[in-house]
Structure formats: C-alpha cells, structure tokens
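Let me begin by presenting the structure, written as structure tokens, before commenting on it.
The values are calculated or read from the model by the stated rules, or taken from the named source; none is laboratory data. Bear in mind the structure is a predicted one, so any value in this text is a computation, not a measurement. Neighbour counts run over all protein chains shown; Cβ positions are idealised from the backbone, glycine included. Only protein heavy atoms, including side chains, enter the accessible area calculation; ligands, DNA and RNA are left aside. Shrake-Rupley method; radii C 1.70, N 1.55, O 1.52, S 1.80 Å.
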Amino acid sequence: MKSFDVVVIGGGPGGYVAAIRCAQLGLSTACVESWLNDDNQPVLGGTCLNVGCIPSKALLDSSHHFSFIKHEAKEHGINVAGVAMDVHRMIERKKSIVQTLTQGIAGLFRKNKIEWLKGHGRFISENQIEVRPVGEDGGDAFPVTAKHIIIATGSVPMTIPPAQVDDNLIVDSTGALAFTDVPRRLGVIGAGVIGLELGSVWNRLGAEVVVLEALDDFLAPVDRQLANEAEKLLRKQGLDIRLGAKVTGTGCNNREVTITYEQDEAKQQIVVDKLIVAVGRKPNTQGLGAREVGIELDQRGFIEVDGLCCTTLPNVYAIGDVVRGPMLAHKASEEGVAVAERIAGKPGHINYDAIPWVIYTWPEIAWVGKTEHELKAEGVDYRVGSFPIAASGRARAMGEVDGRIKMISDAHTDRILGVHILGPNASELISEAVVAVEFDGSSEDIARTIHAHPTLAEALHEAALAVDKRSIHF
Ligand code: FAD
Ligand code: AMP
C-alpha cells in the first residue's frame, strides 16, 4: 500500500497550494483529485481554475474590451467599424487559458514530486483514504495511508427548488461560462458576486439582463455608500436589478423560461431565454466519508475546524471553501500554506482580518477590513477619509471617472480598520491597503508614503490624507 506523510484531498487553490508547500518542506505528498474536464481528462485546479475565478475573469476581460470598443473607443479618437462579437472564439480563448493554467499546476506537481492520484478520495479510517480512479484509464479502487490528511474538497453551486438547473435553459455559474450565443433576454437569480460578474459579461455583449435579488439591500456586505454608487452605475450599464424580488417558481418550454417572483407582496413574471442561478455555494463533502470516521460537520455541512484548521481528528485538517470563512481562492491557498507549515512543525500564519474581497464588475469593487456599518454596530470611534476617483489625474487620462476610495481608521490610534474601493483596477489597488492592515498600519503611514504620479494609487494616498482632512486634490 502506498504511504505518504501527507495526502491532500482536492486539487483546487486550497489543495494544490497545500500540496506544493508540503513538498517544499520535505514531506512526501500526494493529492487526490477527481475533476474531469469537458474532454473527460483529469485536471487539477478545482473550481477556481476550471469554472471559477479564471474563466470568469477571461470572459469579463473579453466582454470589457468589446464594450470599450463599442462605447468608449470613439472618445479616444478610435473609430472602429463593423464591431461584432464571436462568442465561439471568446469561449475557445477562455478554454485555452484554463488549459494552460491547469497544465501548469500539473507541471508544478512534477517539479515538486507530488503524486497526483486521479480519482475520488474517501476516508476509510482516520489515516487511510480509498482512491476510486476516474477518467479513461480508470482501474480498481486502491487504499493509501497518510500520517496527515488535508481536506480541500471545496464547494459546489447551491440550488433552489423553484429553479432547477437543467443545463440547457436554466444553468448555474458553470453553464453561464459556456453559453454558445449571447442570449437576447437573460435572467439572473442572485445579485451576489457571481451573479453580478456573469450578468455583467452577457450584458456587455448585448443581452437584456434582469437580476432578481431576494434581499432589499444591494450587496449587503459592501460599504453602503459604495454599494449605492455601484448599483447606480450597473443600472446605467443596463443591468435591470430588482431588489426584494424572491423567485418562487420557473416554467420552461423548449425555448424560454418563465420566472415567477414576489416583490412588494405582489406576484410578478418575466420571460427570458436563459436563466442563471447564482444563489451561492455550499461545502462539498459528497462521498468523502468524513462523518463516518468521526470528523464533525456543522449544521450547514461545513467541516468543523478550529482557528488553525484542525478538524475533530488530530491528524486531519480542512481548508478552503469546505470550512467556515469567506469562499475565496486566496483564503483557501493561505490556509493551505499555514496547514502545511504546521504539519512541518512551523508556526503557520493566517490573518483572517486582512483578507481582501473583490467583485470584478466595472468599476471593480474591493475592500479589506470593516465597513462603517459594522464599526457603528460595534460602537467603535472611527474617522473616514473619502476621495472621488474623478479627482485623480490618471483616472481622467484613462477616461475612468466613476467611484471613490474610502479609508476608515481608529479615531484614537489611527490604525486602519477598513479600506473600500469602487473604481478602475480596484482589485490591484486593494493590495496596498491589505499590506497596511497586515502591518497594523495607520492612515498616517499611507499619507507619508510617496506614491508615483500619475497613478490610480494616488487616490488611495489622497483618501489617507482625507482621514486627517488634508487631502490635496479634493
Ligand atoms: P475548489 O476550488 O472547489 O476545489 C476543490 C477540489 O476538490 C475540486 O477540484 C474537486 O474536484 C475536488 N474534490 C472534491 N471532493 C473530492 C474527493 N472526495 N476526492 C477527490 N477530489 C475531490 N474566488 C476568488 O477568490 N476570486 C474570484 O474572482 C472568484 N471568482 C469565482 C467565480 C466563479 C464563477 C466561481 C464559481 C467561484 C469564484 N471564486 C472566486 C471562488 C473560488 O473559486 C473558490 O473560493 C475556490 O476555488 C475554493 O478553493 P478550494 O480549494 O477550497 O475548492
Ligand atoms: P452570494 O451568496 O454572494 O453568491 O449571493 C447569492 C444571492 O442570491 C444572495 O444575495 C441571496 O439573497 C440571493 N438569493 C437566494 N435565493 C434567492 C431567491 N429565491 N430569489 C432571489 N434571490 C435569491
């Protein structure tokens, strides 16, 4: 029987990163991964690389270029005639990006001498996993033993009874990344991160998009001022966002979907050509046999872990989407690194207070730390500096004037408590704020840091100056 120091179950950004770090630390490591791509080939990378972060960003970038050429190029003096979208080419490009990156992970496994066990893993005891091979090579199930096991089995799309996914007219996020044409009328259930990103892609390419969101607040976890500004901008782009709209039923004929929803206690109906169900994701422990060997799950199906990602079994850890905390790829990866280091006898480190969030709409939305709303509820004394993107020279040059950056710091110590960005490239700009939070920095630290001119990052500098009411350009 094969035996390893560490067996990782799941090869997404949690699992593959954990496996690489384990191998770097000299531990003999295997990773069990059951994903098969559209060509029935085993691949690494999990949700993130195959049907999540990367393919969605590929389509967001393609559709952003299309929208720029159609609506903004003229402003720059660029006249383009006969602009047309080749959806097939866009999807092929996405596929090839995914293929390059997933093959890259396989290369990293070879480089680090990690054994990739292509199959489904199931606990048979607290240090034995049965691997049931997948793919064309197949073969019989076989057991492997490990001193330590890391569960990184991720998450799968949530479904709701009124809108059953049929992978034809009603799809989940995976289906929405593979439409072969632009639907004329598109419904999206859920105005969360995934619903807004995928709704934006198809809206930019010409679909009439209606987003139905059960909650009354738009983007509830986001800073209220920024969420309100983002809502207006997305509506202006053509997203028909209906809040307080709870979907109660759907009916399909072979061409279109009738969606029934309740809004203001009235029953409403719309008809669309495609419907994306984007109502969240749930932890994936299907066929894992975790409970059977004594690993506890909470009521929502997440594997119970302590602050160090230890499960209820001493040699078994769990990381990423399958445990509490934000369902974000970088959170999964950091937990993977920390667990690998702990297994190797090092301290490991994850700062859950310094995890950046990004929504890749345009403008992008990104934040780290707390919102004003949360701080008020906690009774914290704070100061806010706010700087409009429109006052940034670089933003003007780019023709991107929407949004703002807000910095919130402790009124007594000036420690940065939150940074909230709505603006172009917010996904990149947030990193400076994350570093500042990680280092327990103050708004004064950012205010005294020299920022290159002209850059968008100057807007973050100005927001820091604004905390002390000494912003120069606003
Ligand atoms: P996963 O990536 O889900 O990987 C789990 C892996 O485990 C899978 O490959 C699965 O096949 C395998 N597996 C499960 N059970 C078994 C088993 N028993 N045996 C063998 N293998 C098994 N996050 C971001 O941070 N940024 C983004 O921009 C972003 N965009 C997203 C866009 C979309 C459309 C979606 C759906 C998600 C997005 N996410 C994004 C979320 C991100 O993809 C997840 O947070 C991340 O993939 C979680 O990593 P993970 O390793 O925990 O799990
Ligand atoms: P997220 O959890 O960020 O992926 O967002 C999913 C969104 O879907 C949440 O904002 C939910 O309120 C929303 N949602 C869930 N069920 C329904 C429903 N039946 N109708 C409309 N919106 C829903």
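Values computed for the structure shown
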{"read-out": "Filtered residue count, segment 229-280, keeping only those that are in a loop (DSSP other than H, G, I, E, B) and open to solvent by 50 Å² or more (accessible area, probe 1.4 Å)", "value": "5"}
{"read-out": "Boolean, Gly393 is in contact with a helix residue (DSSP H, G or I) (Cβ under 8 Å, 6 or more places away or on another chain), closer than 25 Å to Lys57 by Cα and either open to solvent by 20 Å² or more (accessible area, probe 1.4 Å) or touching a residue at least 60 places away in the same chain (Cβ under 8 Å) (or both)", "value": "no"}
{"read-out": "Those residues of segment 434-474 which are open to solvent by 40 Å² or more (accessible area, probe 1.4 Å) and of a type in the set (Gly, Ala, Ser), in sequence order", "value": "Ala452"}
{"read-out": "Segment 434-470: number of residues that are part of a helix (DSSP H, G or I), touching a residue at least 40 places away in the same chain (Cβ under 8 Å) and among the hydrophobic types (A, V, I, L, M, F, W, C)", "value": "9"}
{"read-out": "Test: residue in segment 414-433 that is open to solvent by less than 30 Å² (accessible area, probe 1.4 Å) and without any contact (Cβ under 8 Å) to a residue 40 or more places away in the chain", "value": "no"}
{"read-out": "Those residues of segment 51-68 which are open to solvent by less than 20 Å² (accessible area, probe 1.4 Å) and either within 10 Å of ligand 1 (Cβ to nearest atom) or touching a Phe, Trp or Tyr at 6+ places or on another chain (Cβ under 6 Å) (or both), in sequence order", "value": "Gly52, Pro55, Ser56, Leu59, Leu60"}
{"read-out": "Single condition Ala338 does not satisfy, out of (1) in a loop (DSSP other than H, G, I, E, B); (2) out of contact with any Phe, Trp or Tyr (no Cβ under 7 Å at 6 or more places or on another chain)", "value": "(1)"}
{"read-out": "Cross-chain or 6+ apart pairs with Cβ under 6 Å, segment 53-73 first and of a type in the set (Ser, Thr, Tyr), then not in a helix (DSSP H, G or I)", "value": "Ser63/Leu205"}
{"read-out": "Residue count, segment 204-228 (criterion: buried (at least 16 other Cβ atoms within 10 Å of the Cβ) and assigned to a helix (DSSP H, G or I))", "value": "4"}
{"read-out": "Residue under evaluation Met407, criteria (1) part of a strand (DSSP E or B); (2) open to solvent by 20 Å² or more (accessible area, probe 1.4 Å), criterion not met", "value": "(2)"}
{"read-out": "Residues that are among the polar types (S, T, N, Q) and more than 10 Å from ligand 1 (Cβ to nearest atom), drawn from segment 1-50", "value": "Ser3, Gln24, Ser28, Thr29, Asn37, Asn40, Gln41"}
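Residue-wise test of (1) in a strand (DSSP E or B); (2) surrounded by 16 or more Cβ atoms within 10 Å (Cβ to Cβ); (3) aliphatic (A, V, I, L, M); (4) without any contact (Cβ under 8 Å) to a residue 12 or more places away in the chain.
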| site | (1), (2), (3), (4) |
| --- | --- |
| Val83 | no, no, yes, no |
| Met90 | no, yes, yes, no |
| Thr102 | no, yes, no, no |
| Gly138 | no, no, no, yes |
| Val144 | yes, yes, yes, no |
